[in-house]
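Here's the structure, in structure tokens; my notes come after.
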Amino acid sequence: MTEKRLMEVRGLLEEVLRSMFPNTEFISLRVRPDLDHYGDEILRMDAFYRGSDAELDDADRAADVIIEMRHRLRAIGETAFPSLRYRNPDVDRWHVPS
């Protein structure tokens, strides 16, 4: 994946994240292409946020965000599956976003 394409994908994914979790303060989204254990393309994402994780604890919304990301990715011709992890740098000091 080219750097330009990765920036396009990151912007799209960040837009979905912010729209589905409007009360969560996202400070950074890291996206990197990878392969899963079957060799299929995936997008590993670390969504860094500050403050409350109340919205992120909603299981239905957590599933819906992945579904929406997949729809939006497919609309631009991207077939890699989004693998999303939420990180709070105030709690996990080893993974502070740059």
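The values are calculated or read from the model by the stated rules, or taken from the named source; none is laboratory data. Because the structure is predicted, anything quoted here is derived from the model rather than measured. Glycine gets a Cβ as well: all are built from the backbone with ideal geometry, and neighbour counts include every protein chain shown. For the accessible areas, the whole protein counts, side chains as well, though only heavy atoms, and no ligand, DNA or RNA atoms are used. Shrake-Rupley method; radii C 1.70, N 1.55, O 1.52, S 1.80 Å.
Go through the residues of the range 23-40 one by one and say whether even a single one is in a helix (DSSP H, G or I), surrounded by 11 or more Cβ atoms within 10 Å (Cβ to Cβ) and in contact (Cβ under 8 Å) with a residue 40 or more places away in the chain.
Step one: filter the range 23-40 for residues in a helix (DSSP H, G or I), giving none.
No, the range 23-40 contains no residue that is in a helix (DSSP H, G or I), surrounded by 11 or more Cβ atoms within 10 Å (Cβ to Cβ) and in contact (Cβ under 8 Å) with a residue 40 or more places away in the chain.
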Scanning the range 1-22 residue by residue, those closer than 19 Å to ASP90 by Cβ and either touching a helix residue (DSSP H, G or I) at 6+ places or on another chain (Cβ under 6 Å) or open to solvent by 40 Å² or more (accessible area, probe 1.4 Å) (or both) turn out to be PHE21
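Give ARG18, ARG50 a once-over and let me know the one that is under 12 Å from ARG87 (Cα atoms), out of contact with any Lys or Arg (no Cβ under 8 Å at 6 or more places or on another chain) and not hydroxyl-bearing (Ser, Thr, Tyr). Spell out the reasoning first.
Details: ARG18 fails: under 12 Å from ARG87 (Cα atoms).
After ruling out the rest, the residue left standing is ARG50.
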I need the full set of residues from the range 31-50 which are charged (D, E, K, R), more than 21 Å from GLY77 (Cα to Cα) and within 8 Å of the chain's Cα centre (by Cα), in order please.
ASP46
Which numbered condition ALA54 fails, given (1) surrounded by fewer than 16 Cβ atoms within 10 Å (Cβ to Cβ); (2) of a type in the set (A, V, I, L, M); (3) modelled with pLDDT of 95 or more; (4) under 16 Å from ARG18 (Cα atoms):
(3)
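Any residue that is touching a strand residue (DSSP E or B) at 6+ places or on another chain (Cβ under 9 Å), of a type in the set (Asp, Glu) and modelled with pLDDT of 95 or more - is there at least one of those in the range 75-84? Break it down into steps so the answer makes sense when it comes.
The first filter runs over the range 75-84 and keeps only residues touching a strand residue (DSSP E or B) at 6+ places or on another chain (Cβ under 9 Å), leaving 78-84.
Then drop every residue that is not of a type in the set (Asp, Glu), which leaves 78.
Applying the additional criterion that residues be modelled with pLDDT of 95 or more yields 78.
Yes, the range 75-84 contains a residue that is touching a strand residue (DSSP E or B) at 6+ places or on another chain (Cβ under 9 Å), of a type in the set (Asp, Glu) and modelled with pLDDT of 95 or more.
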Filter result (within 19 Å of LEU6 (Cα to Cα), assigned to a helix (DSSP H, G or I) and without any contact (Cβ under 8 Å) to a residue 24 or more places away in the chain) within the range 41-83:
ILE66, ARG70, HIS71, ARG74, ALA75
